[in-house]
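Working notes, structure below.
The values are calculated or read from the model by the stated rules, or taken from the named source; none is laboratory data. Treat the numbers as computed from the prediction; the structure is a model and nothing was measured. Virtual Cβ from ideal backbone geometry, glycine too; neighbours counted across all protein chains shown.
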Amino acid sequence: MKTFANSSTRTSAMFVAGFAALFTVTAGASAADLYVSTLGKDTNVGTSSSAPLRTIQRAAVLAKPGYVVHVAPGTYTETVTSTVSGTATARIRFVSDTKYGAILKPVTGAYTMWSQRGGYTDIDGFQVNGAGSTSVRIGIAMTGGNSSVRNSWIHDVAMTSGCDNRGGGGIVTDQSRGKTYSNYQIFNNRVHKVGGGCGYIQGIYHNSSGMIMNNVVSSTSQGINLGHDNNNTLIMNNTLFANSGYGVRYGGCKEAYNNGCPTRNIQVHNNIIYANGGGIQGPIASEDVGNSVSTNLVYANRTNFDLASPSSATKTGIISADPKFVQYLASGDGNYHLQTTSPVISKGLTANAPITDFDGKTRGAKIDFGAYESYLY
């Protein structure tokens, strides 16, 4: 059984040399609170839980730097577009008061369910459910920089929306080339059933710098795909399985544009990449430097590695063995915690690792691979 520390000495900031910037998300003191409920009215002021707003969108319009938007459990059928930015010291936070309890459903004809265009904003604890839509291509899109999606469940997105090069994904950041925004955190999310096997639609489609940690991604095309202009990204302690494409893929900009966008300083560590169409794929070019895919479990994928020669990344400390989940089901309905006999227990790198796991449990001084720390099962 794992021994856990009462407090952690690690942070989840990037201390790896060459990372462009660092930022951490802290709750801080809210300047004001807004409340949203299915029983509310958008004619309300929304500053009291006894007189809440009706839509997340109305709260997005009213929110200002430092605001916390509390969303009560219920189903919200709407498109959310938030353009207001917080600041480094006064972030805007959208919080589902019950984890997964606030459910966002798409309106007819919607392409993106939640478009987060303002910066310094956090989306925390929502369920984004695109089931039944034939138009939705993106669950959550972030384009404002210095923002995060965490503790959320994104599923059934673009399952029946066709397959073409318009792309899409469960979580998408900056889906363009030459943008100026950067630094996103994608933490502790469950991303499941995205794209219906379409190679253009990804689980997490990241096109900037930032950190992707503690996510469980299954039944998508590429589980985590780093695309246009992507550099300085840390991919750590994710559990990726049963995706039709690669568990982790980086270097998409070069494929799309052929030149002018090298992939540099991509760090892929402590991940479990199991039973996917592929394990890890990276680009082939002399300018793609500073990348590392060391210390991962990569096993039972149709192709475990496609880094070619010359390799675009260092590759050491790879474990090729069954991760020994408590209950593996390709459907995503299993238990992806680790048995006590798992080969990845206490084998993870500690530098820059997340201080807690998917469940919010503190990781020990020696940490495991994947989104979950091992417990006694």
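Here are the numbers for the structure shown:
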{"quantity": "Of all residues in the stretch 325-348 being surrounded by fewer than 18 Cβ atoms within 10 Å (Cβ to Cβ) and among the hydrophobic types (A, V, I, L, M, F, W, C), the one that is farthest from Val194 (Cα to Cα)", "calculated": "Val326"}
{"quantity": "Test: residue in the stretch 150-159 that is in contact with a Cys (Cβ under 6 Å, 6 or more places away or on another chain), on the phi > 0 side of the Ramachandran plot and at pLDDT below 95", "calculated": "no"}
{"quantity": "Residue tally, condition in a loop (DSSP other than H, G, I, E, B) and either under 17 Å from Met213 (Cα atoms) or in contact with a strand residue (DSSP E or B) (Cβ under 9 Å, 6 or more places away or on another chain) (or both), over the stretch 334-345", "calculated": "6"}
{"quantity": "Unmet requirement for Lys99, which otherwise passes all of (1) within 18 Å of the chain's Cα centre (by Cα); (2) under 17 Å from Ser147 (Cβ atoms)", "calculated": "(2)"}
{"quantity": "Meets criteria (in contact (Cβ under 8 Å) with a residue 40 or more places away in the chain and within 28 Å of Thr55 (Cα to Cα)) for Asn225", "calculated": "no"}
{"quantity": "Unmet requirement for Leu104, which otherwise passes all of (1) within 23 Å of His70 (Cα to Cα); (2) in contact with a helix residue (DSSP H, G or I) (Cβ under 9 Å, 6 or more places away or on another chain); (3) surrounded by fewer than 21 Cβ atoms within 10 Å (Cβ to Cβ)", "calculated": "(3)"}
{"quantity": "Residues of the stretch 145-163 classified as closer than 26 Å to Thr87 by Cα and outside any strand (DSSP E or B), total", "calculated": "4"}
{"quantity": "Residue within the stretch 289-309 that is under 20 Å from the mean Cα position of the chain (by Cα), in a strand (DSSP E or B) and modelled with pLDDT of 95 or more present", "calculated": "yes"}
{"quantity": "Meets criteria (more than 21 Å from Tyr111 (Cβ to Cβ), more than 21 Å from the chain's Cα centre (by Cα) and not in a loop (DSSP other than H, G, I, E, B)) for Ala59", "calculated": "yes"}
{"quantity": "Members of the stretch 121-144 found to be surrounded by 24 or more Cβ atoms within 10 Å (Cβ to Cβ) and in a loop (DSSP other than H, G, I, E, B), listed by number", "calculated": "Phe126, Gly130, Val136, Arg137"}
